[in-house]
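Every number here is computed from the coordinates shown, using simple stated rules; none is lab data. This is a predicted model, so every value here is computed, not measured. For neighbour counting, all protein chains shown are included, and Cβ atoms are generated from backbone atoms with ideal geometry for every residue, glycine included.
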Amino acid sequence: MASPLTEGEVVRVRASGKVNLVLRSGPRRPDGYHTLATVFQAVSVYDELDARWAGPGQFSVAVQGEQADLVPTDDTNLALRAAKLLARRFGSEELGCALTIRKAIPVTGGMAGGSADAAAALLACSVLWDLDTAPDDLVTLGTRLGADVPFCLTGGTALGSDRGDRLAPVLSRGTYHWVLAFSEGELSTPAVFGRFDELRRDDAAALEVPAGLLNALIAGDPASLGACLVNDLEPAALSLRPGLQQVLAAGRDLGALGGIVSGSGPTVAFLVGDESAAIDLSVGLASHGICRSVKRVYGPVPGVRLIS
Ligand code: ATP
């Protein structure tokens, strides 16, 4: 197969992280997954991925950035798995690629960083190899790689059901400003779901997305949205990382409209009214010295996009 790109040329893709505005979870299913009802919002923290042509059957990945040492570069790297799956399903044995990822999305931080990189690799390699793939083909492959990958491809605001991978669009007006509090250390998603299973009561509420939250998004009303944020995994994450209570309390004391553990944590996301409130809150949180770092972001933003 001929590539339209010559050796040495690079396809560069940017992929956003996400916060879950709502994350409701049912009990563990016989297949090991949990049925979710979630509302994703893609936010402006981005990993960048470069894909370059490599010899037939040669696949490699290098990772750069503050937390690069936490990301595997072997066959378990999700971006590498995505590239190989794409080559197998839509390409030929003649294909290969060298990937470079510059990480800004926190690793094992509950913001779907690995899934974002997988989505980025699917798009970048389909362009690099000039494959005849439709967007739906990438979504179908993405579902096989991880439940968050379909959302990372599309971005914006979406309702996720089943494993979180069956997406429906959600109407959302305006831009929402967030302050992310990144924590030291990781919190593994399976460990958080394990603790969730231990803590879950049989009479737990149904998997409902609060109507008030959907109305707040339609109205573009951050104060109402902040009051409706809900994450069923938060008690489990707090039980594994009690220090996050302090982070949540500090953000609320400093005037956030709402604060929530993002996905399985340990990142905590605080919603504020505008950019100047975001600056105030991030300065206040940083001065408490209770998080690794803070970052101001906004959403919704698109999913994976070609940069060059
Ligand atoms: P999620 O919210 O989707 O459950 P997360 O954001 O908490 O996940 P990730 O950063 O996606 O966590 O990392 C989850 C695991 O995947 C980690 O053990 C990490 O080492 C591994 N991993 C594999 N490939 C990547 C990648 N490209 N980037 C980050 N982590 C990766």
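A few comments on the model shown:
- Seen against the Cα atoms of the chain and their longest principal axis, helix 275-288 is set at about 80 degrees.
- Computed over Cα pairs, the Kirkwood radius of the chain leads via Stokes-Einstein (1.306 mPa s, 10 °C) to a diffusion coefficient of 81 µm² per second.
- Counting beta carbons within 10 Å around each of ARG12, ARG166 and listing the fewest first gives the order ARG166, ARG12.
- Long-range amide H partners of GLY263 with built H, under 5 Å: ASN20
- Karplus-derived 3J(HN,Hα) values for segment 13-28, using 6.51 cos²θ - 1.76 cosθ + 1.60 with θ = phi - 60°, are 10, 10, 10, 8, x, 9, 10, 9, 6, 9, 9, 9, 10, x, x, 4 Hz; glycine and proline are entered as x.
- For segment 295-304, the Karplus equation 6.51 cos²θ - 1.76 cosθ + 1.60, evaluated at θ = phi - 60°, returns couplings of 9, 8, 9, 9, x, x, 10, x, x, 5 Hz by residue, with Gly and Pro reported as x.
- FRET E, pair ARG201, GLU9, Förster distance 45 Å, beta-carbon r, rounded to 0.05: 0.20
- Under a 5 Å amide H cut-off, with hydrogens placed 1.01 Å from N, GLY156 pairs with ALA42, VAL301, GLY303 among residues at least 5 apart or on other chains.
- Of all DSSP-defined beta bridges confined to the chain, some 85% are antiparallel rather than parallel.
- Put in line by how crowded their Cβ is, counting other Cβ atoms within 10 Å and starting with the fewest, THR154, THR35 read THR35, THR154.
- Contour excess over end-to-end distance, with Cα ends at ARG29 and ARG144 and 0.36 nm allotted per residue: 39.6 nm
- Extension reserve of the ARG88-THR175 stretch, reckoned as 0.36 nm per residue once the Cα distance is removed: 27.4 nm
- If you sort the three axes of the alpha carbon gyration tensor as a ≥ b ≥ c, you get a/c of 1.5 or more for segment 176-299 and a/b no higher than b/c, which makes it oblate.
- Cβ charges +1 (Lys, Arg) and -1 (Asp, Glu), total dipole of the chain, debye: 300 debye
- Semi-axes of the equivalent ellipsoid for segment 163-233, Cα gyration tensor, largest first, Å: 26, 18, 12
- Cα long-axis angle, helix 189-199 against the chain (0 to 90 degrees, to the nearest 10): 30 degrees
- Reference-scaled alpha-carbon Rg (2.2 N^0.38 Å with N residues) for segment 23-150: 1.09
- Against the main long axis of the alpha-carbon atoms of the chain, helix 78-90 sits at an angle near 50°.
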